[in-house]
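The values are calculated or read from the model by the stated rules, or taken from the named source; none is laboratory data. Keep in mind it's a predicted model, so treat the numbers as computed, not measured. For neighbour counting, all protein chains shown are included, and Cβ atoms are generated from backbone atoms with ideal geometry for every residue, glycine included.
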Amino acid sequence: MQIHTDYPLLQHNTFGIEAKCAHFVEYNNEDELREALKLIRKDKDTPWLHIGGGSNLLFTRDYPGTILHSGILGKEVMEESKDSLLLRVGAAEDWDSLVEWCVSRGYHGLENLSLIPGEAGASAVQNIGAYGVEVESLIEKVETLHVETGAARIFQHDECEYGYRTSIFKQAYKGKFIVTHVQYRLSKAFHPQTSYGALKNLSENRPTPPTATEVRNEVIRIRREKLPDPAEIGSAGSFFMNPVISEAQFRLLQSQHPDIPNYPAKGGIKVPAGWLIEQCGWKGKQLGQAGVHPRQALVLVNLGHATGAEIQLLSQEIQKDVATRFNINLHPEVLFL
Ligand code: EPU
C-alpha cells in the first residue's frame with residue numbers, strides 16, 4: 001500500500017484541476033484496503049473519499065482529507081455456459097480497455113458503453129449509461145468491503161437499487177461500502193442495441209445486422225465527434241443529469257418549442273439538458289477559463305488553467321438561466337468537492 005502526503009490530483013481528475021489532497025492512499029488488494037480502512041476509522045475527524053478514474057469530480061479547493069484509490073486489477077471468467085458467462089473484474093480496471101477486451105473475445109453487452117472514461121468499480125456505483133444501454137442491465141453482483149468492519153459483502157443486482165446514474169452506493173449506503181470487484185453477465189451471441197437515435201443508421205438499409213466491432217467503432221466515432229477528448233481538453237463528460245419533468249410541464253414546453261427532444265422516463269418526460277443549455281445561448285461560450293463545449297452543451301470544459309471554482313461559477317450561471325427560462329432545475333452529475 002502506498003501512502004502519499006500533500007499529493008497532487010492533476011492526474012486523478014479528468015477536468016485537469018490542479019488541486020491537492022492531504023493524503024492519498026492506493027491499495028492493491030482487499031487486505032491492503034482493510035488496513036487503509038483501519039487508518040480512516042482511527043482518524044474520525046479527517047474526511048475521506050474514494051475515487052475511481054476521477055471522471056466525475058470537480059475539486060473546487062484542495063481536499064483536506066484522505067483520498068483512497070483502488071489498484072485492484074484482474075479479469076476472470078467465473079462461470080461459462082453455452083450462451084453466457086460471468087466475468088469478475090477488479091474495480092481499478094480501465095473501463096474502455098475492458099470493453100475492448102470483451103469485444104475482442106466475443107463477450108457481448110458492453111459495446112454501447114465504449115470510450116466512457118473511468119474504471120470498472122465506478123461503473124457499478126454510478127450506473128454508467130450511453131446510447132440506450134445502462135451498465136446495470138449487465139451487472140449480476142457487486143463485491144464490496146464494509147467500511148466500518150472491513151467485512152466482505154456481495155450485493156446481488158436487485159439489492160443495488162439502480163436508477164438513472166445512481167445506486168444504493170450513492171444513496172443509502174454512500175460512504176458505507178467500497179466496491180472491490182464487479183461481476184458482469186455477458187452474452188456469447190451479439191444482440192445489437194441500435195434503437196438510440198444516433199445509432200439507428202447502423203441497422204437501417206442493410207441486409208445483415210452490425211457486428212459488435214462495428215457498433216463499438218460507431219459509438220467511438222460519435223463520442224469523438226461530440227465530446228472532448230479528456231487527454232486534450234479537461235472535462236467530466238456530461239456535467240448535469242438530464243431532468244425529468246411532468247407531462248403537463250412538458251406539454252406546455254412543447255407548445256412553445258415543437259422541436260424539443262424528449263424521451264419517456266420513470267415519473268415523467270426526460271428532456272436533454274444539453275438542448276436546454278443551448279437554447280439559453282451558452283453553447284461554445286466561456287467565463288474565464290471555464291467553457292461550454294461547442295459541440296455538446298451538456299459538457300463543461302477546462303480551457304486551460306481553470307480553477308474548480310471557476311467551473312462551479314459557470315455551472316451556477318447556466319442553472320440560473322435554465323431555471324429562469326424553462327422553470328427547470330438542472331442537477332449536476334458531477335460531484336463537487
Ligand atoms: N442536444 C442539443 N444541444 C446540445 C446537446 C444535445 O440540442 O448541445 C440535443 C441533441 O440534439 C439530442 C439530445 O439533445 O437530440 C440528446 O443529446 P445526446 O445524444 O448527445 O445525449 P445527452 O442526453 O446529451 C446522454 C448522456 C451521455 C451519453 C449520451 C448518449 C446524461 C447526463 N448524459 O447525453 O453520457 O453519452 O446520452 O447516450 O445522461 C456522461 O454521462 O458523461 C455522458 C457523456
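If I go through region 292-320 residue by residue, how many of them are within 14 Å of the ligand (Cβ to nearest atom) and either over 23 Å from the mean Cα position of the chain (by Cα) or within 25 Å of Ala198 (Cα to Cα) (or both)?
First pass over region 292-320, keeping only residues within 14 Å of the ligand (Cβ to nearest atom): 292-301, 315, 318.
Subset that is either over 23 Å from the mean Cα position of the chain (by Cα) or within 25 Å of Ala198 (Cα to Cα) (or both): 292-301.
Result for region 292-320: 10.
So, in region 179-192, how many residues would count as being surrounded by fewer than 17 Cβ atoms within 10 Å (Cβ to Cβ) and within 16 Å of the ligand (Cβ to nearest atom)?
Result for region 179-192: 0.
When you scan region 58-81, do you find a residue that is assigned to a strand (DSSP E or B), surrounded by 23 or more Cβ atoms within 10 Å (Cβ to Cβ) and among the acidic types (Asp, Glu), even just one?
Taking every residue of region 58-81 in turn, none turns out to be assigned to a strand (DSSP E or B), surrounded by 23 or more Cβ atoms within 10 Å (Cβ to Cβ) and among the acidic types (Asp, Glu).
I want to confirm something. Restricting to region 125-146 and keeping residues that are buried (at least 18 other Cβ atoms within 10 Å of the Cβ) and among the polar types (S, T, N, Q), which single residue is nearest to the ligand (Cβ to nearest atom)?
Gln126
For residues that are within 16 Å of the ligand (Cβ to nearest atom) and of a type in the set (Phe, Trp, Tyr), scanning just region 158-178, find the one that is nearest to Val133 (Cα to Cα).
Here is the first cut: in region 158-178, the residues within 16 Å of the ligand (Cβ to nearest atom) are 162-167, 170.
When the remaining residues are screened for being of a type in the set (Phe, Trp, Tyr), the result is 162, 164.
Working: Tyr162: 13, Tyr164: 11 Å.
That would be Tyr164.
Filter region 239-256 down to residues that are loosely packed, with under 14 Cβ neighbours inside 10 Å and closer than 26 Å to Ser195 by Cβ, then give me how many there are.
Within region 239-256, residues that are loosely packed, with under 14 Cβ neighbours inside 10 Å and closer than 26 Å to Ser195 by Cβ number 3.
Select from region 82-94 the residues that are touching a helix residue (DSSP H, G or I) at 6+ places or on another chain (Cβ under 8 Å), assigned to a strand (DSSP E or B) and either aliphatic (A, V, I, L, M) or modelled with pLDDT under 95 (or both) and list them in ascending order.
Once the filter is applied, which keeps residues that are touching a helix residue (DSSP H, G or I) at 6+ places or on another chain (Cβ under 8 Å), assigned to a strand (DSSP E or B) and either aliphatic (A, V, I, L, M) or modelled with pLDDT under 95 (or both), region 82-94 yields Leu87, Val89.
Go through region 132-147 and give me each residue that's modelled with pLDDT of 95 or more and outside any strand (DSSP E or B). So that I can check it myself, show each step before the final result.
In the first step, residues of region 132-147 are kept if they are modelled with pLDDT of 95 or more; the result is 133-147.
Once the filter is applied, which keeps residues that are modelled with pLDDT of 95 or more and outside any strand (DSSP E or B), region 132-147 yields Val135, Glu136, Ser137, Leu138, Val147.
Among the residues of region 96-112, how many are in contact with a His (Cβ under 8 Å, 6 or more places away or on another chain) and part of a helix (DSSP H, G or I)?
The initial filter retains those residues of region 96-112 that are in contact with a His (Cβ under 8 Å, 6 or more places away or on another chain), namely 102, 108.
Then drop every residue that is not part of a helix (DSSP H, G or I), which leaves 102.
Here the count works out to 1.
Filter region 202-238 down to residues that are within 17 Å of the chain's Cα centre (by Cα) and surrounded by fewer than 15 Cβ atoms within 10 Å (Cβ to Cβ) and give me whichever is farthest from Leu276 (Cα to Cα). I'd like the intermediate steps shown before the answer.
Filtering region 202-238 down to residues within 17 Å of the chain's Cα centre (by Cα) leaves 219-220, 223-224, 226-231, 234-238.
In the following step, the residues that additionally are surrounded by fewer than 15 Cβ atoms within 10 Å (Cβ to Cβ) were identified as 224, 226, 229, 231.
Working: Arg224: 22, Lys226: 17, Asp229: 23, Ala231: 27 Å.
Among them, the one singled out is Ala231.
Which of the following residues is in the same structural domain as Gly121 (by TED's automatic domain parsing), among the hydroxyl-bearing types (Ser, Thr, Tyr) and either within 25 Å of Ala236 (Cβ to Cβ) or buried (at least 22 other Cβ atoms within 10 Å of the Cβ) (or both): Ser97, Ser84, Ser55?
On the way: Ser84 fails: either within 25 Å of Ala236 (Cβ to Cβ) or buried (at least 22 other Cβ atoms within 10 Å of the Cβ) (or both); Ser55 fails: in the same structural domain as Gly121 (by TED's automatic domain parsing).
From the options Ser97, Ser84, Ser55, the qualifying one is Ser97.
Determine which single condition Ile328 fails, assuming it passes every other condition in (1) within 13 Å of the ligand (Cβ to nearest atom); (2) of a type outside the set (Gly, Ala, Ser); (3) within 23 Å of His257 (Cβ to Cβ).
Result: Ile328 fails condition (1) only.
Are any of the residues in region 93-103 away from the ligand (no atom under 16 Å from the Cβ), within 19 Å of the chain's Cα centre (by Cα) and without any contact (Cβ under 8 Å) to a residue 24 or more places away in the chain?
yes
Could you please let me know if Ser70 is touching an Asp or Glu at 6+ places or on another chain (Cβ under 9 Å), farther than 15 Å from Gln11 by Cα, in contact (Cβ under 8 Å) with a residue 24 or more places away in the chain and polar (S, T, N, Q)? Reasoning before the result, please.
On the way: touching an Asp or Glu at 6+ places or on another chain (Cβ under 9 Å): yes; farther than 15 Å from Gln11 by Cα: no; in contact (Cβ under 8 Å) with a residue 24 or more places away in the chain: yes; polar (S, T, N, Q): yes.
No: the conditions fail for Ser70.
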